[in-house]
Amino acid sequence: MRKKGLFSKMVATYILIISISFVIIAAFLSFWFEEYFFEQRKSQLLTEAQIVSNAAVQYLYGNTPLAKTNDILEYISNYADIDIILFDRYGYAYAVSNEEHKKLVGQQILSKDLERLRKGELIERNNIVDKLFDESVHTYEVPIFYRGGFQGVVVMNTDINEIGEPLKRVYEIIWFSAVFAIFTSGFIIYYFSQKILIKPLAKINSAADKIAKGEVNRRVDIKSNDEIGELARAFNSMADSLEEVENNRRAFISNVSHELRSPIISIKGFIGGILDGIIPKEKENYYLSVAYEEIQRLTRLINDLLDLSAVEAGKFSLNIQEHDINEIIRLSTIKFGAVIRSKKINVDVWLEDKEVYVLADKDKIIQVMTNLIDNAIKYVEQGGNIEIRTKIRGQKVLVSVFNDGPNISKEDEKHVWDRFYKGDKSRTSKMSTGLGLSIVRRIINQHNEDIWFENKESKGVKFVFSLKRAPR
Ligand SMILES: Nc1ncnc2c1ncn2[C@@H]1O[C@H](COP(=O)(O)OP(=O)(O)OP(=O)(O)O)[C@@H](O)[C@H]1O
Ligand SMILES: [Mg+2]
């Protein structure tokens, strides 16, 4: 499953980033805290060493008895949880805080450090196994000075395991919080990426699937105001146009089959009647000529359909060049000479200049003019007027075809551009396919121009379209 892949990759990446950040923060905090802790401890021990030193000096100068000094040692040792041993200036122990160390009293133990201590150095040893006490200790040796002279040493030992105790607790809190934060943010990421990204994507995916399988009325219901919402809206509008195309296609096919069927059925009827002898010999010619008319209608329909499909092939097939629109109008009008004479129509052509050059596909514009003039002739009354005009309007040329005759009805107005739409059946000829204006409009739209019609109050209809003037 592809969506699962995206999801786990995303969540894994985020969690990895968050974990790394938290681990770095936790490590930094632990390190910093350890530093701080030992700083604190050192300054505490120094203060205590100071107190012990004072007590030692008091004893050494005979101001207080040893018992008093021992009391102070014991008190501080309990309070700070350390073992304290006092040494004289030759390294002999003379007072201890811990009963167990009593046996050390009177022994010379410190000899090897004395040189450095005498110079005023503090000595700190971490994690040494004290041979005397047989345990891992942290040792701090502080020299005692009094009246400018070296008077001895305070040694303070702490059990290593005990120093770590409070630190351990803090580490636990820091690392537990980090792990907790990682899990919580992992959960939040999981939840929100599901809600914001994965589920909507899955919805769109499944709708796309359904549409591909033919359910063109499928839509996604996502109203969020972000990119996903935008995607869903774009998807829906794509589905709308797909649906429209699909509906058009169905309507088109049913129209075409309908239009093809009726002439074929009547041709089949007439010829079958003649073959079966149902139609009397003397009527045969009449029915054959009716069948011939039907075949002509079929031919026309098929030609129109071919035109339509050629036009629908798109604007990339247009062959746009500079052409004289007046010439195009003349060419298109001449073809209708015979009909114009037989219907006794008066045709006026008003051309603005001798030559008006436009950017257009000549064949296609001839097709447009032919259709418009054909309509005008079809819908003008016997002995009526037709007016064809060109007008220059800035960078555009407007071409209009007017015929007097009845207006296009309110109801027809909306549909005249539709494929296969024919107005009032009694007035349209049997030859009509209703494809003329839809082909015309497509051609003009592909030129990126407009076409419209105006109903004239004094009876009459005017179709107008625009073309781009050639820059001459
Ligand atoms: N000049 C006009 N005056 C009045 N009505 C018109 C005019 N031109 C078009 N119409 C209306 O618009 C409809 C559609 O025109 P269109 O040219 O597409 O089809 P048609 O002329 O009926 O058929 P075809 O062009 O295939 O012969 C016509 O049936 C008619 O009702
Ligand atoms: Mg027509």
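List the pairs whose first member sits in region 256-285 and is modelled with pLDDT under 90, whose second member is of a type in the set (Ser, Thr, Tyr) and not in a loop (DSSP other than H, G, I, E, B), and whose Cβ atoms are under 8 Å apart, counting only residues at least 6 apart or on separate chains?
Within 8 Å, the pairs are 279/287.
Being within 12 Å of ligand 2 (Cβ to nearest atom) and modelled with pLDDT of 95 or more is the filter here, so list the residues in region 378-402 that pass it. Before the answer, list the steps.
Filtering region 378-402 down to residues within 12 Å of ligand 2 (Cβ to nearest atom) leaves 378-379, 401.
Scanning region 378-402 gives a single hit, 401.
Quick test for you: out of 422, 364, 378, 343, pick the one residue that is surrounded by 15 or more Cβ atoms within 10 Å (Cβ to Cβ), among the charged types (D, E, K, R) and within 17 Å of residue 318 (Cβ to Cβ).
364
List the residue pairs whose Cβ atoms are under 7 Å apart, where the first residue sits in region 158-175 and is surrounded by 12 or more Cβ atoms within 10 Å (Cβ to Cβ), the second is in a helix (DSSP H, G or I), and the two are 6 or more positions apart or on different chains.
Going by the 7 Å Cβ cut-off, the qualifying pairs are 167/34; 167/37; 170/33; 171/30; 174/26; 174/29; 174/30; 175/26.
Does residue 465 satisfy the condition of being within 16 Å of ligand 2 (Cβ to nearest atom), touching a residue at least 60 places away in the same chain (Cβ under 8 Å) and surrounded by 19 or more Cβ atoms within 10 Å (Cβ to Cβ)? Reasoning before the result, please.
Details: within 16 Å of ligand 2 (Cβ to nearest atom): yes; touching a residue at least 60 places away in the same chain (Cβ under 8 Å): yes; surrounded by 19 or more Cβ atoms within 10 Å (Cβ to Cβ): yes.
Considered against the rule, which asks whether it is within 16 Å of ligand 2 (Cβ to nearest atom), touching a residue at least 60 places away in the same chain (Cβ under 8 Å) and surrounded by 19 or more Cβ atoms within 10 Å (Cβ to Cβ), residue 465 comes out as yes.
Among the residues in region 426-448, are any more than 14 Å from ligand 2 (Cβ to nearest atom), in a strand (DSSP E or B) and in contact (Cβ under 8 Å) with a residue 60 or more places away in the chain?
Looking through region 426-448, none of the residues is more than 14 Å from ligand 2 (Cβ to nearest atom), in a strand (DSSP E or B) and in contact (Cβ under 8 Å) with a residue 60 or more places away in the chain.
Any idea how many residues of region 220-247 are closer than 30 Å to residue 418 by Cα, surrounded by 15 or more Cβ atoms within 10 Å (Cβ to Cβ) and either under 16 Å from the mean Cα position of the chain (by Cα) or among the hydroxyl-bearing types (Ser, Thr, Tyr) (or both)?
The total comes to 2.
Name the strands (runs of 3 or more DSSP E) wholly inside region 328-419 in which the number of residues that are in contact with a strand residue (DSSP E or B) (Cβ under 7 Å, 6 or more places away or on another chain) and within 16 Å of ligand 1 (Cβ to nearest atom) is 1 or more.
346-350, 385-393, 396-403
So residue 348 fits all but one of (1) open to solvent by less than 30 Å² (accessible area, probe 1.4 Å); (2) at pLDDT 90 or above; what number is the exception?
Unmet for residue 348, out of (1) open to solvent by less than 30 Å² (accessible area, probe 1.4 Å); (2) at pLDDT 90 or above: (1).
When you go through 256, 290 one by one, which is the residue that is surrounded by 15 or more Cβ atoms within 10 Å (Cβ to Cβ), aliphatic (A, V, I, L, M) and outside the structural domain of residue 364 (by TED's automatic domain parsing)?
None of the other options fit; the residue is 256.
The values are calculated or read from the model by the stated rules, or taken from the named source; none is laboratory data. All values derive from a computational prediction rather than experimental measurement. Using ideal geometry, Cβ is built from the backbone for each residue, glycine included, and neighbour counts are taken over all protein chains shown. Please note that ligands, DNA and RNA were not included when accessible areas were found on the heavy atoms of the full protein model with its side chains. Shrake-Rupley method; radii C 1.70, N 1.55, O 1.52, S 1.80 Å.
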